[in-house]
Every structure is written in structure tokens, then in C-alpha cells.
Amino acid sequence: MARLKLAVLISGRGSNLQALIDACRDAAYPAEIVLVISNEADALGLERAKAAGIPTRVVPHRDFPDRPAFETALTAAIETSGAGLVCLAGFMRMLTDGFANRWRDKLVNIHPSLLPAFKGLDTHARAIAAGVRIAGCTVHFVRPAMDEGPIIAQAAVPVLPGDDAAILAARVLAQEHIIFPVAVRLIAEGRIKVVGERAEIAGVSAHRGALVNPAPDG
Ligand code: GRF
């Protein structure tokens, strides 16, 4: 079967991009990255893409008069690449309704919280300040409203005594690198159907265990 073609949009470090690159190295993985776009010319993720032999494009948002003009350039580059799925992997620009609607159900984002909790920025500091015992990350289809849309995959981690935002971010990030390739695989396999504003997954096998924090015997 043909592999699903991915365009990955980044702004910085690109560790989630790297997780997708690594997953796509497996010939049995049902997707391949055909283009990496960054709005920042010095994004480390661009080097990761080049090292993997993946075409890159820099589309600097500052070169455009407004958001729609910037996004028209993004869409043109994605369309030329032939990508069928767009992955936002640390892409730090707000998107207009027009872009979200153009790529509806073909646009996914990774967010470092258990949505719908902690939309927006500084999720880990806010989770610690709120005193939650469990944090995590989410891959979801993008809708016009920020950090909203049908949820595809989530992973949960404990918040531990002494955690600061950086420690918690690292614990969550390790799980981001797992669930992003999982979500893309499920989409590529045609196993996700969006019904209303929920994503239904065919033949899903979830872990039956629960994450309890503090541990019951702790
Ligand atoms: C990740 O924490 C992701 O959840 C958020 O931005 C960060 C990007 O990190 N959207 P990286 O560039 O993938 O390393």
C-alpha cells in the first residue's frame, strides 16, 4: 500500500519531528515525510530533516503582510509536496479558521497537556500550580479554536513532588515522542473516523491498567 505523505510544520527544536523521522525509517510504517516547513530559518529541526534527507522549506511569517498571506504560502508548499496529512510539531504560529478548514481532518497537532485541560502556553507550570497529580500530552485534529479538535491519542504521566516545569516537560516529552507516531499510524491505516467532534478508532487496544498517583500503597 502507498504510504501516507506527511508535511511536518515546525518552529524550533524538532524533537517530535525526529520521532516521526525515526518511525518512518521502518519500511513497515505506513507514512513518510515528504516536506518539513519551518517559519524560523534557524530552527534546529531543519537540520534534523536535512540529516534524514528530507526536503525542507523556510516560510518566514515576517515576510508576509498578514496571517492569510503567510498561510497561502504554507498551503501552496504543502499542496506541491503532495502531502495528505499535515503534522504540527511545535509550530508556534496561531492559525486562521481558513487554514484549519482547508486542512480539516488532515491536520494534527501535538499539545503538551491532557486536553481539554491546559490549552495554550506554559502548560507544565500551570499544571504544577494547579496541583494536578497526573499530566500528559494529546494528539488531536485541529479545529479553528486553539487546542481544540477530536482527540486521537493521549499519554499520562505522574506529577511528582519536587517537579518543576522543566522536569515535568521532559517526562511528558518522552511520551509525546511515542503518541505522535502512533496517532499518525492510525490515521495512515485509515482507522480513524471523525464522528461529530469525536475521533473513533477501529480495533483499538488500550492498556487496561490505571495510573494512580500517589500510588495506593505509597
Ligand atoms: C512540544 O512540547 C509540543 O507538544 C509543543 O511544542 C513542543 C515542541 O517540541 N506543541 P519539539 O520542537 O518537537 O522538540
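Here are some notes:
- Per-residue ³J(HN,Hα) for the stretch 182-193, Karplus 6.51 cos²θ - 1.76 cosθ + 1.60, θ = phi - 60°, Hz, x for Gly and Pro: 5, 4, 5, 4, 4, 5, 4, 7, x, 9, 10, 10
- Seen against the Cα atoms of the chain and their longest principal axis, helix 15-24 is set at about 70 degrees.
- Between Met1 and Arg198, the contour length at 0.36 nm per residue exceeds the alpha carbon distance by 68.2 nm.
- Multiplying the residue separation of Arg13 and Asp66 by 0.36 nm and subtracting their alpha-carbon distance yields 16.6 nm.
- Antiparallel DSSP beta bridges within the chain, percent to nearest 5: 45 percent
- Radius 14 Å from Cβ of Pro30, net charge of other residues (Lys, Arg +1; Asp, Glu -1): +2
- Equivalent ellipsoid semi-axes, the stretch 156-218, via Cα gyration tensor eigenvalues times 5, rooted, Å: 29, 16, 10
- Mean shadow area of the stretch 50-91, taken as a quarter of the surface of its Cα convex hull (nm²): 3.6 nm²
- Surface/4 estimate of mean projected area, convex hull on alpha-carbon atoms of the stretch 52-180, nm²: 8.8 nm²
- Structure-based [θ]222 nm, the chain - -39500 (n - 2.57) summed over DSSP H runs of at least 4, per residue, nearest 500: -10000 deg cm²/dmol
- Simple label model, 7 Å out from Cα along Cβ direction - Leu160 to Arg191, nm: 3.1 nm
- P(r) weight above 14 Å for the stretch 79-137, C-alpha pairs, percent: 63 percent
- Ordering of 16-23, 1-8 by packing [mean C-beta count within 10 Å, highest first]: 16-23, 1-8
- Potential lengthening of the chain between Ala210 and Val58 amounts to 50.4 nm, from the contour at 0.36 nm per residue minus the alpha-carbon distance.
- Simple spin-label estimate for Asp105 and Met92 in nanometres, 7 Å along Cα-Cβ: 3.3 nm
- Compactness of the stretch 21-123 - radius of gyration and Dmax, Cα, Å: 14.4, 43
- For the stretch 109-166, the dipole from Cβ point charges (+1 on Lys and Arg, -1 on Asp and Glu) about the Cα centre works out to 140 debye, to the nearest 20.
- Computed over the chain, the quotient of the alpha carbon radius of gyration and 2.2 N^0.38 Å is 1.02.
Read-outs throughout are calculated quantities, based only on the coordinates presented, and are distinct from any laboratory measurement. These numbers were taken from a predicted model, which means no experiment stands behind them. Note: ideal-geometry Cβ built from the backbone for every residue, glycine included; neighbour counts use all protein chains shown.
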